[in-house]
Every structure is written in C-alpha cells, then in structure tokens.
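Notes follow once the structure below has been shown.
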Amino acid sequence: MFSRSCISLLELASGEMLNFPQTPRALTKVMTLQGVTPDAKNSDGINNEGVNVPPSEICEKKIIVANFLPLHAQKDTKSGKWCFSFDEDAILFPLKDCFSSGTMVIFVGSLKVDIEASEQEEVSQKLLEEFNCVPTFLPSELHKKYYHGFCKQYLWPLFHYMLPMCPDHSNRFDRQLWQAYVSANKIYADKVMEVINPENDYVWVHDYHLMILPTFLRRRFTRVKLGFFLHSPFPSSEIYRTLPVRDEILRALLNVDLIGFHTFDYARHFLSCCSRMLGLEYESKRGYIGLEYFGRTVNIKILPVGIHMGRLESALNHPSSSVKVKEIQEQFRGKKIILGVDDMDIFKGISMKLLAMEQLLQQHPEFRGKVVLVQIVNPARSTGKDVQEAKKETYSTTRRINQVFGFPGYEPVVLIDRSVPFHEKTAYYSLAECCIVNAVRDGMNLVPYKYIICRQGTPNMDKAVGFASDSPRTSTLVVSEFIGCSPSLSGAIRVNPWNIEDVADALNVAITMPALEKQLRHEKHYRYVSSHDVAYWSRSFMQDLERSCKDHYRKRCWGIGFGLNFRILSLSPSFRKLSIDHILSAYKRTNRRAIFLDYDGTIVPESSIVKTPSPEVISILKNLCSDPKNTVFIVSGRGQNSLSEWFAQCENLGIAAEHGYFIRWSSTSSWETSSSAIDFEWKQIAEPVMKLYTEATDGSYIETKESALVWHHLDADPDFGSCQAMEMLDHLENVLANEPVVVKRGQHIVEVKPQGVTKGLVAQKVLSMMISNGNAPDFVLCIGDDRSDEDMFESISSTSYNPSQPVAPEIFACTVGQKPSKARYYLDDTVDVITLLKGLAADSSLKPRCNWEIQAPFENIM
C-alpha cells in the first residue's frame, strides 16, 4: 500500500509519542538566491515530489549533520552572553573549507552545553549568521537517554563487538532508550528540513548516533540527495543480528544514496547483514559496489577519513610547540620515547599496552633506563562503571611497572591523564621514536596519521628539534590489526593486541629497526597520508554522492511502508505496476490471446515448501484454457514428468519443460524435443564438478534433468552459497568451453543446458505458429520472475506483430517484483499474479474450445 502522511513515523516506530517539549520556532530558510528563500512547508507533511522537474540553477549547499556541532561554547560570566568558537579538534571541522568557494556548508548538530529555553532562539540566529551552524536543542532528559543511554551504553559497545551479556558493562536493550533515539533523530531531521532546498542541496549524515535520520528525511523529500558515513566499525552479522531493532536500522540506512565505511571489512559486514536479514544482493559494476533496493541503487563507498594537513603544520610551526619540544627533550634526555595517545575507554587497549611494555622490560633488561612509554590519556567520552574500571586498572598497572623497573631519575611509564593541548601533542609526536596504537577495536583512529606528519616536520619544528632540513625522516608504527587505519598503513608493524608477547616483540623490532628501514617505511606512509587528507576524503565522498544521485529525476518515486519500514519505490517512467483494470479491458476486447506463465516464483512462491500447484491455480488455468480465444502455456525449467502430472486436469494447457527442450501443445498431444541438443556427453564433465561443490556446500543439491544439470543453493548459507556459485560458474565455463552448452547463474541456482534452448524460443515458436495459421495474436501476456524469463519478454515484443495486422497487438510483459527488467510492467508477488489471473479467468467464456492450432514439428521452428 502506498502511504501518505497520516500518522507520525515516531508513533509507529515506538508505539507511543514521548512528551518532550518542542524545539524553538523554525529558523528562517537559508537563501539560495539573492532575495529568494525556498518555501517553508509543514514539518509534519509529506512532499511526494511526483513531478519530474530537474533542479533549477541556484546556489548549492552541503548540509553536514552530526551529533555535535564543531563548536566550543562558553558563557561570559560578566555579560551573561554565550561566546562561540570553532572546535578545531572536531573531526568534521575541516569540512567547512573542503568544497568549492561557491558552495555553502551548513552544520546541523547539538551543542555540548545546555542552553536555556529562553536563550535558544537568540543562540540559533547567532550560530546561523556567524558560523553557518544550526543547533538542535535536545531536552536534557532526552539527551541523557539518547546519547549516554542508547548510543554510548548500547550501540557503541555492540558495534565494537561487546554483547550486553553482563549489565555491569553495557546496557541491555531498553525500549524507552530506543524511543529516545528515535525522538532525537526526528529532531535532527526537522532541523535539516528548516534549511534544506531538496532539489539542489546535498545532506551528509555522520555516524551511528543518527542512523535512522535518513528515513525521516526520505519520507519528507523522496528525491533528497543523501549520504551517510559510519565512523565506527560495523560488526559482523553474528553480532549485529542480536540487535532487536536490526531491520529498522538497516532499512533506514538503505534510505540514503551513498553509505561510506572506513574499510572493506566494515562494508562487507554491512552487505552480509543486508543479505542475511533483508535478502538483498549486491554487485560490483566498474569498481562501484551497489545494492538494489526497491528500484534504487544504494552505493557503497570504502575510503578511510584523513587528517587536516594545514592544521597539523600550523601547530608544528606554533611557538608553543617549539617550547614544548625543548622541555620534552630535556625531560627525556638520553631516552627513546614510545608514544601512546588514547581515549580512556575499555576498547583502546591501554592496559594491554602497559603489559606489553612490562614484558619488553622483562625480556630486554638493556632497555631499562633507556626506553620510556609516554601514555597520553584523553578524557573519556562517556561515563560508566566500565570507564572507571579501565582507569583504575591503568593506574594500578602503571604503578606496578614503575615500582619494579623504575629507579631514581627513571620512570618506565609516564601517564599523562589530563586534557593535553594540541601543540603539546604535536611536540610528543615529533620526538617519539615509535608510536603504538593497541586498540582491541576502533573505527579508524587518526593517531598514526598525525604521528607520521609530525615526524616529517616543518622548518620551525626542525630547528626546535635540532634536525637538519635535508636529513632523512624516520618513523615506526606498531598498530593493532583491529583498527580502521591498519589496512592503509602497509609499512606498520601490525599486531594482535590480545597477544602481549607479540606486542612486546613488535616494540623491540620498532626500537631496534635499522635507520634505512625506518626511513623507507616513513616515506611510504607519508606519501599516502599527505595525499589522502580530510579534503581528499570529503571531495571524493561528495563526487560519489553526486554520481549516485544523478538519476533522481529520471525515475518516478513513491513512498511506501509505515513507520521505520518506510522506503522509496523508484521506477522508470515506462516501468509500472500492471493494473488489473487496464489488462482486463484489453482482454475483453481481444479475440486471439497468447498467455505465457513461468512456474516457480510466478504462480507458486519461490520460498514455498510445497511445490505442487494449489487447487486454486488449477481451477484458474482450467478456466483460462477453456476459453477458445486463449492459447495458454506454462514455460518452466522443471522436468516434463512433474509438470505433466501436476497439470493433468488442464487438458488444453500447453507445457514447455526444461526451458523449452520439451514442448507439448495439450495433454492429448505428444512431447516434442529440440533438435539443437542431441549429444549429452558434456554431463560426464559437468556432473563431477557439481558434486565437488555440493559436498563442500552444506544445504546445496543437484537437480538432474534430461537436458540440463542444475545446482541449487537456496538452503545454503547466503554468503557462502553465493560465493560457491560464482566459483562454480567460472569452473564450469572453463571445463565446458568446447562443449555445445551454456552455463548460466539464476536465482539461487547454476544451470548447464544445451545451446539454443531458451524460454524466448518457446514464445517465438508459439507466436509464429499462431501467425502462420492466420490467427496472429492481438493480446500477449507473459509473466515471469527470474533471468530466464527475460528472453520471453524480449521475444514477445519482436515476434508477436504481423505487418499485415491493421492494429498492433496488446503486449503485457510483466516481471514479478520490482527490479531491473526488460518487462514494462511488474507485479509485487505471486499473490498479485494469482489475483490478476483470477480476474482474467472470471471473464473468460465457458464455450467449448475450438482447437484451431495446426501442430508443426518442433524442430521446424527451433
């Protein structure tokens, strides 16, 4: 059913509306032409955007939506006024300068401070005018449940592979927290609607805090240009499937045009979830991965975020950095620095890093007094018992190591647990012999990138450190294999952070590595990091988003589904649902009708365990066949024995079995075979190959037909079955290259059959026979659901018209399900097919059938 705005999405998703106060009145729309502002619309309405009008030539905005705005906020104690400044440490701060000069960048998000309701309107105007920022003011109770509750205590641990087995470390699923998450996402979406011009603007949503926001935006603006980037890991399907609202989140993400991930692993996990939970398949075309979703292609982009080169270089050249470098050099004179910079949380692996340092000093006493680990601990982003326990363990381990291996003037571990200014961090980066990132799970982690750039240095920093400007630069990295930046740092020493001995050995290798090797590794990393900065990342994402949205105005769009199951059905203007009234009208006024029906997936559901036709199907086909104006054929890949037995009651039904290798005009006529396939020795080659894959793929089996061999993997693991099917396809094509057969992959099958045997040739034979007998069809209906039926759709269009006919026939090529097809029409499922056929059968005449057909030998046509 097509849905319109009749009920709140939030109410449908959560079962009740949360009674949080409304945000302040809508902001004035941002101008996109001088003196022109887009019309405001009721935020509870829906824009169907049914008219295919291309966007007008007006100023384009990039709307960046994130949990927090890239701003610092402080209240002046004297004046009582709020003062704001950009937060240059925010990961999204550089985006304001990454696009062309003619592009306006607007940020939408929350502030990190509470603003009184009476001040919110004034603050909103100030932020919009001075910073191009639109604040979302969440009530404190809602923010607590949304951010500290659902995001930080449930989603974040789950996405980092920590299941809520024990309530001491993470919250179990709480419906109220989920409702708060939905409410907050709705508020963010409303703010975007206040400033967006949907025809021209691009919206880029960031991270797991706002994963269902796309549904609210897509519901309001069906053609909104919408991208999403996930900065955290995306867990494997075994972890993700434990989420009670897993389908709602997946479907919300699929309402965007482009989804970005840091690594292929994260993207692969997302695609696997879509396959296993929603039954969606993806394919790669010319280097781009795409998911077909109700007529739309949701593209997948894999590109790790970069760093802000300009800011790092500016910090390196700052006088404060030079001063700090000299202080650090004096403090650690004669010692090699191993540097760690991490947030205080349970996934950063700080305690295991300390244990590795302890192991290093035990195994290599010569390093005592000469190597020091400086661990900078950034303030925790969330609160909870787990953070307190991690902090307690870090301090106790540090004390033990320093007591055992330290002596006057030497502490093996220096713990800096405070907010460290950026210029101070750059000083430590510049002097560290080695940098270690030992997280057990992290979405990206830019610490190694910052370290590499700081080790490259600048003229001012070189002078402070005492490097000659032409001296070779070196750096060594020890990184966990479980962090997002690891794949892009091929010169780093990768470690399993859970293996303490392995990490200790890696630290030893890094410290004792020859200078030339350090230099070569550094140069390799610097080339990558300097060329793949945050500007490159943002421009690349936007280019792909523009490419993903280029077909928006070439298709017709409808919003379907309720609540968080809302999605867009996007179809070509010439591809539409087959109306029963429309086809029934044509059926009534025509006299020579040809009807071709596929079997599995068309008149019997593909997923049905019972494969025999129902009594209702038999009754409908008998009525259709009893009409003397009709020629009805079942065209299937199934064998002749099954089909003839199942349809024995339908005396006048034509049957084409095994894709047309066998054909029979009625139950009283004999089976004819195709003359194009006589030699079946190829089966002796193909069958052993198929048996090999069957033994290796649980849930698969081989169907042996007289003319073909079919390997089925519907009941196998979706990912493994699909992978094995692709491998088998390639294997069979190689071994059967010189045989007169074709190897095709269909819906959960791989089939080997003789050349020249297709469903299209069946339709061509039947239609040609009707034309040659002077009964050229004036009505042709063909319904099928898979790739083999595409041949029929193409054939009926080219064969059914006889130039001697005064009027072209009515042709209805119809696929089952909304997907790319040569058919002009679609029906949603087998229920729709049966309903349509029932309507035609009810109208059919019950007069005795006149068998006007003159049967010709099958081989004359085929």
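The values are calculated or read from the model by the stated rules, or taken from the named source; none is laboratory data. Since we're looking at a predicted model, the values are computed, not measured. Methodologically, a virtual Cβ is constructed for each residue, glycine included, from the backbone with ideal geometry; neighbour enumeration extends over all protein chains shown. For the accessible areas, the whole protein counts, side chains as well, though only heavy atoms, and no ligand, DNA or RNA atoms are used. Shrake-Rupley method; radii C 1.70, N 1.55, O 1.52, S 1.80 Å.
Over segment 425-467, the reciprocal of the mean inverse Cα-Cα separation, the Kirkwood hydrodynamic radius, stands at 11.3 Å. The convex hull drawn around the Cα atoms of segment 432-557, when projected onto a plane and averaged over every direction, covers 10.7 nm². For the chain, the solvent-accessible area with a 1.4 angstrom probe is 42 square angstrom per residue.
Under Stokes-Einstein, with the Kirkwood radius over Cα pairs as Rh, the value for segment 617-741 at 25 °C and 0.890 mPa s is 148 µm²/s. Beta bridges per DSSP, both residues in segment 554-685: antiparallel share near 55 percent. Shape index of the chain: Rg/Rh, with Rg the Cα radius of gyration and Rh the Kirkwood radius from the inverse mean 1/r over Cα pairs, equals 1.06.
For the set K370/K450; K191/K819; K588/K744; K191/K285, the pairs lying more than 28 angstrom apart at their alpha carbons are K191/K819; K588/K744; K191/K285. Shown here: segment 595-679, whose C-alpha atoms stretch 39, 34, 19 Å along the first, second and third principal axes, sorted largest to smallest. Hey, any idea what % of segment 432-590's accessible area is carbon plus sulfur with a 1.4 Å probe? The C+S portion of the solvent-accessible surface of segment 432-590 is 50 percent. Within the chain, DSSP assigns beta bridges of which about 35% are antiparallel (rounded to the nearest 5).
When the alpha carbon gyration tensor of segment 305-356 is reduced to an equivalent ellipsoid, its three semi-axes come out at 25, 20, 8 angstrom, largest first.
Placing pseudo-labels 7 Å out from each Cα toward the beta carbon at S614 and S236 gives an inter-label distance of 4.0 nm. Alpha-carbon geometry of segment 71-183: the Rg and the Dmax are 17.4, 52 Å, given in that order. For E199, the solvent-accessible surface with a 1.4 Å probe is about 60 Å², rounded to the nearest 10. Inter-part distance, segment 711-773 to segment 255-293, computed on C-alpha centroids, equals 26 Å.
Model label sites at T668 and L163, defined 7 Å from Cα along the beta-carbon direction, differ in position by 6.5 nm. Of the peptides 301-310, 394-403, the order by per-residue mean of other Cβ atoms within 10 Å, starting with the highest, comes out as 301-310, 394-403.
Based on alpha-carbon atoms, the Kirkwood radius and the radius of gyration of segment 690-786 give Rg/Rh equal to 1.12. The accessible surface of segment 739-827, taken with every protein chain in place and a 1.4 Å probe, is 51 percent carbon and sulfur.
Gain on full extension, evaluated as 0.36 nm per residue between Q649 and Y395 minus their Cα-Cα distance, stands at 83.2 nm. On alpha-carbon atoms, Rg over Rh for segment 316-423 using Kirkwood Rh? On the Cα set of segment 316-423, Rg over Rh gives 0.99. In the chain, helices alone account for a calculated mean residue ellipticity at 222 nm of -11000 deg cm²/dmol, with every DSSP H run of four or more residues adding -39,500 (n - 2.57). Can you classify segment 245-352 as rounded, prolate or oblate using the Cα gyration tensor, where a ≥ b ≥ c are the square roots of its eigenvalues, rounded means a/c under 1.5, and otherwise it's prolate if a/b beats b/c and oblate if not? In terms of gyration-tensor shape, prolate.
Here the label points at S585 and R527, each 7 Å from Cα along the C-beta direction, are separated by 6.7 nm in the simple model. Packing here is the average count of other Cβ atoms within 10 Å per residue, and on that basis the peptides 322-329, 116-123, highest first, run 322-329, 116-123. Shown in residue order for segment 754-763 are the 3J(HN,Hα) couplings computed by the Karplus curve 6.51 cos²θ - 1.76 cosθ + 1.60 at θ = phi - 60°: x, 5, x, 10, 9, 5, x, 5, 5, 4 Hz (x for Gly and Pro). Across segment 116-238, the volume of the C-alpha convex hull divided among the residues equals 130 Å³ per residue.
The portion of the accessible surface of segment 332-388 made up by carbon and sulfur, rounded to a whole percent, is 48 (1.4 Å probe; DNA, RNA and ligands excluded).
Give, in nm to one decimal, the length gained when the segment between E292 and D717 is fully stretched (0.36 nm per residue of separation minus the Cα-Cα distance).
151.0 nm
Scalar couplings 3J(HN,Hα) for segment 693-705, obtained by applying the Karplus form with A = 6.51, B = -1.76, C = 1.60 to θ = phi - 60°, are 6, 5, 5, 8, 10, 4, x, 9, 7, 10, 9, 9, 10 Hz; x denotes Gly and Pro. Descending by average beta-carbon neighbour count within 10 Å, the peptides 783-791, 503-511 line up as 783-791, 503-511, the highest first.
Full extension of the segment from K385 to N499, taken as 0.36 nm per residue of separation minus the current Cα-Cα distance, would add 38.5 nm.
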